[in-house]
Structures are given as structure tokens and as C-alpha cells.
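Contents: one structure, followed by commentary.
Here, each number is a calculation from the coordinates, and none is a lab measurement. Since we're looking at a predicted model, the values are computed, not measured. No Cβ is skipped: glycine too gets one built from the backbone with ideal geometry, and neighbour counts run over all protein chains shown.
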Amino acid sequence: MTEDPALDETAAAAEDAEVDDSSASDSVDSVDSVDKENATPTLAELDAQEWRDLGPYDVADVDTDSLEDELEAGRRIDLGSLVLAAGDGAELRLQVDEASQQVVSAMLMRGDSALEVGAFAAPRSGGLWAEIRDELVQAAHEAGGSADLVAGPFGVELRRLLPVRSPDGQEGYQPSRMWVAEGPRWMLRGIVYGQAALEDGLDGAVAGFLEAFRMIVVRRGDEAMAPGDLLPLSLPENATPADVPDESGEA
């Protein structure tokens, strides 16, 4: 399957944590290489489990009246296809395309870390993540970085180090952790950047982003869309493009 352009990642606008060049390698590890003594799960075993008991949620899974109450109280932010929780201490940044005035990226920023979120149309049968992740691993390898498929909070997590060049010309590697949750005809992707992407567990800086990702409500809609198409985002009510920082990033 050829990677859809809509699945290209927007790099974090927050200050990127740099990793020494020696941290990157050409090898690609996978949890398919099973450690039988420690019963490391295979990719197929991780894919077969249900990971959304604690969220993220489909809009059909939540009480509509309660959701509206939270929106009115300012505890939630309505972006159309995504409804986010208004996290404590997190700043929401939206990238708006000047020509179309459409929101193309949503990013929660806290300190020197960030979580970028986006949702995509997916087949009714699911399985889109299993189809595209090997291509993402290969692309990271071809770019001179590294990629690992590991067990994460939503099944298979993709961890990458991608080569980047800073504005002053210095070269380094940008770490990221990619979480993917699949719901009815949608796939929600979250990419953690910065210092939080360097942490192995789910504590510390990662914990707040994990909670924010779990609390997302996805509105897929009923319109026909090709698998991999980005679900459209919209500005929050009473917001204008001038209110939203136009953050650009690197693929």
C-alpha cells in the first residue's frame, strides 16, 4: 500500500530535543522477534486486543448531553472531527492553511514537549495501522534514521529518530513516539515530540499527553471517504485564524 500524503507527519513546533548522532542506527527492531522466556507479544497479538476501554472514544460511545455541557463549560474544545479535553497547563496550537482557511494540524504543547493529533478515515474492517506502519519504518530507515515497533499503551507503538537540521545549521535527530487507536471507520494518530518522546515509560512528561489522547472524542461522520483521508478539522467556536498561531513544521 502506498503511503497516503495525508499521513505525512507535521513535526513539533516546540523546541525539539536533540539526540547525539550515535543514538541513531540503521537497524530496525520489531516486537515480531519474540523473546519466548519473557513472553514478548507479537505484533499480531497486540493488534488482536482491544485498547480503547479507557479512550479515546467514538462519539457514539459518549453521552451527548454531557459532552455538550463540557463544551459549554470550556472543559472541552470542539475541532469538528475531534473534541479535545482542555488540559491543565497545555497550550493548543492549530496550523491553518492560508488559502483554504482550513485547520490542518492540532498540537497540544507543554513545556519542551508536544502531542500532535489527527484522525483519518479507515476501512470498516479496521487494520489500517497494520497496513501503513511498515512503510513508515522503511521511510525512517531510508531517511537515515531509525525506527522501532514496540508494545505501547494502544498496542503497537512506533518510536523513531529522524535526522533534522536546526535553524543554525546543526544536525541532530528528532525523537518521536507514535500512538494509534482505531475506532469505527477511523484511525486516530498521536505523535509525541520533544523531551517526552525520550522517556521509555508512561510517567513524567508523557503522562499528561497520554491522558489527553485518551480523552479525545472522534466524530467520523457518515460521508464516504477513502482510507487514509484526513478527517477535517475546524476552528473552535468564536475563534478566528488571527487568534491561532500559524505553526509550520517539517515532515
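Arranged from highest to lowest average of other beta-carbon atoms within 10 Å per residue, in what order do the peptides 144-157, 42-55, 192-205 appear?
144-157, 192-205, 42-55
If a/c stays under 1.5 just call it rounded; otherwise compare a/b with b/c (prolate if a/b is bigger, oblate if not). Do that for the range 72-177, with a ≥ b ≥ c from the square roots of the Cα gyration tensor eigenvalues.
oblate
Where Lys and Arg each count +1 and Asp and Glu each count -1, what net charge lies around Gly183 among other residues with Cβ under 13 Å from its Cβ?
Spelling it out: positives minus negatives among the neighbours equals +2.
Non-local amide H neighbours of Ala122 (under 5 Å, H modeled in plane, Pro and chain starts lacking H): which ones?
For Ala122, the qualifying residues are Trp186, Met187, Gly228.
Once phi is turned into ³J(HN,Hα) by the Karplus curve 6.51 cos²θ - 1.76 cosθ + 1.60 with θ = phi - 60°, what whole-Hz value does each residue of the range 150-161 show in order, with x for glycine and proline?
With the stated coefficients, the range 150-161 comes to 10, 6, x, x, 10, x, 8, 10, 9, 10, 9, 10 Hz.
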